[in-house]
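One structure is given here, and the rest of the page talks about it.
The values are calculated or read from the model by the stated rules, or taken from the named source; none is laboratory data. Note that the coordinates shown come from a computational prediction; the quantities given were computed from them, not determined experimentally. Heads up, the Cβs are rebuilt from the backbone with ideal geometry, glycines too, and the neighbour counts pull from every protein chain shown.
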Amino acid sequence: MNLERAYQVMAEDGLDGLILCHPTNVFHLTGYTDHVALMHDTPSAFVLLARDPRQAPGLVMSQFLYYYSFADTGIDFPLQTFLFTGWDSQLQPGQASPPFTFGDTGQAPLRRFERRRIEVNSAGLARAALSNGAGVALSRAARAMGLDRGRVGHDSMVVPAMCAAEGLNAVLVPADRSLRRVRMIKSALEISMMRLAAKANADAALAAVKSVRAGANHAELRAAFVSECARRGATAQMMQIDTILAETSGGSLQDGSAFAIDCLSHGLHYFGDFGRTVFVGEPTRTMKRATDAISLGWDAVREQLRPGLRYSDIKRIGTEALRKAGYQLDVAFTCHSVGLSHTDEPGRGVSGGYWVKDDILLQENMILSVDLPVRQAGMGGSAHLEDLTLITRTGGEQINDTAQRTITI
């Protein structure tokens, strides 16, 4: 997480801190992937961030998972750790069960990760006493970090419910908008991860398309994309083919046709987003003209990308370039920020839930996508162009393969 940005956003949005439990936000703040929450589809850990930058982030989680899972990540930066177990009816009321770790049989030397688990677990237990349950641990963490009062942002109704049960007096407010404002401006580490994600996604899309021929069906092309993503350590999320999202589509690639692809995957939680037009054999004049048009529009936009530009400016620049060149095409020029999700920007005036797209101002260290699909039918095909751009202090830098704007198979 870009902590400097987080402190700035909390100050601007009147938040004294954050208490979060969604796996994406747990990962963003700590680098820890909460696999149990992903499996169970319910929170299993909490992270806390106070607006006071002198305080390290807080982590609330099961002692066993801290030993068995968190220790394996290699995460080694300051955290205020609050661990919990269950309560034991054989102990005094309110007393936590003893910590649990795997016993050592002594039949072979402990392996490196087994030793690390013991070391990390011991250090975590030394920081704070075990709590008898998640609610008690969360209460202790909130009080220790001054988040038992004031105005605190959350990302799930689990948080205010648990805080109320523990008698905390903080005013809990939805923080989706604030969190998206933080996520939109990447840290240096996030930018490096986005470079990897964007490259893997674009390379996988290109390899998948080049592996098929006329007669292949949509399912085979999607399967190829999934396989090529896996080869590069990424997880395929979606492949739109010829404007069709439905994975049950029965279409096939016909000689002489042209179709758009829009490919989305993620690696280490960060997303790549890539669009191109594929020609099966020689393109028709109509479709070649369409791809020439969106390429011209993209060049016009790229030349002017810089901090201070708004999404509406980008649409205007692209649309005017097409009009001046004599093209009568409806091209979207839709912008969105990409990161821990396909669209990680805030919506207009809404703190959580459904939001309306806002006219975002470009800022340094955003990762921007400009979607350029042709939004018209009856052309004998479909066309698209999409790349990811890092917004720098002086302009824009492409972070995926941009050499091939159309692909012929």
Quiz item: Looking at this structure, is Ile409 modelled with pLDDT of 95 or more and among the β-branched types (Val, Ile, Thr)?
Solution: no
Exercise. Mind listing whichever residues of segment 213-242 are on the phi > 0 side of the Ramachandran plot and surrounded by 17 or more Cβ atoms within 10 Å (Cβ to Cβ)?
Key: Asp242
Exercise. Would you point out the residue of segment 1-39, among those that are modelled with pLDDT of 95 or more and aromatic (Phe, Trp, Tyr), that is farthest from Arg54 (Cα to Cα)?
Key: Phe27
Self-check item: Close pairs (6 angstrom Cβ cut-off, 6 or more residues apart or separate chains): closer than 13 Å to Ala45 by Cα and in contact (Cβ under 8 Å) with a residue 24 or more places away in the chain in segment 61-72, β-branched (Val, Ile, Thr) and assigned to a strand (DSSP E or B) anywhere
Solution: Gln63/Thr85
Self-check item: Failed item in (1) of a type in the set (A, V, I, L, M, F, W, C); (2) part of a helix (DSSP H, G or I); (3) touching a Pro at 6+ places or on another chain (Cβ under 8 Å), with Leu172 passing the rest
Solution: (2)
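Look through segment 59-77, keep the residues that are of a type outside the set (A, V, I, L, M, F, W, C) and touching a strand residue (DSSP E or B) at 6+ places or on another chain (Cβ under 7 Å), and return whichever of them is surrounded by the fewest Cβ atoms within 10 Å (Cβ to Cβ).
Ser62
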Self-check item: Some residue of segment 126-134 being under 27 Å from Phe102 (Cβ atoms), part of a helix (DSSP H, G or I), hydrophobic (A, V, I, L, M, F, W, C) and under 29 Å from the mean Cα position of the chain (by Cα)
Solution: yes
Self-check item: Thr105 polar (S, T, N, Q), surrounded by fewer than 19 Cβ atoms within 10 Å (Cβ to Cβ) and within 19 Å of Cys21 (Cα to Cα)
Solution: no
Quiz prompt | Gly297 more than 26 Å from Ala208 (Cα to Cα) and surrounded by 22 or more Cβ atoms within 10 Å (Cβ to Cβ) | solution = yes
Exercise. Only residues that are touching a residue at least 12 places away in the same chain (Cβ under 8 Å) and either within 18 Å of Lys199 (Cβ to Cβ) or of a type in the set (Ser, Thr, Tyr) (or both): list them for segment 399-409, please.
Key: Ile399, Asn400, Asp401, Thr402, Gln404, Arg405, Thr406, Ile407, Thr408
Self-check item: Failed item, numbered, when Ile75 is tested on (1) part of a helix (DSSP H, G or I); (2) modelled with pLDDT under 95
Solution: (1)
Practice problem: State whether the residues of segment 190-212 include one that is surrounded by fewer than 22 Cβ atoms within 10 Å (Cβ to Cβ), assigned to a strand (DSSP E or B), of a type in the set (Ser, Thr, Tyr) and touching a helix residue (DSSP H, G or I) at 6+ places or on another chain (Cβ under 8 Å). | Solution: no
Quiz item: Which one of Arg180, Arg149, Arg117 is under 30 Å from Glu364 (Cα atoms) and in contact with an Asp or Glu (Cβ under 9 Å, 6 or more places away or on another chain)?
Solution: Arg180
Quiz item: Restricting segment 151-189 to residues that are of a type in the set (Val, Ile, Thr) and within 21 Å of the chain's Cα centre (by Cα), which is surrounded by the most Cβ atoms within 10 Å (Cβ to Cβ)?
Solution: Val182
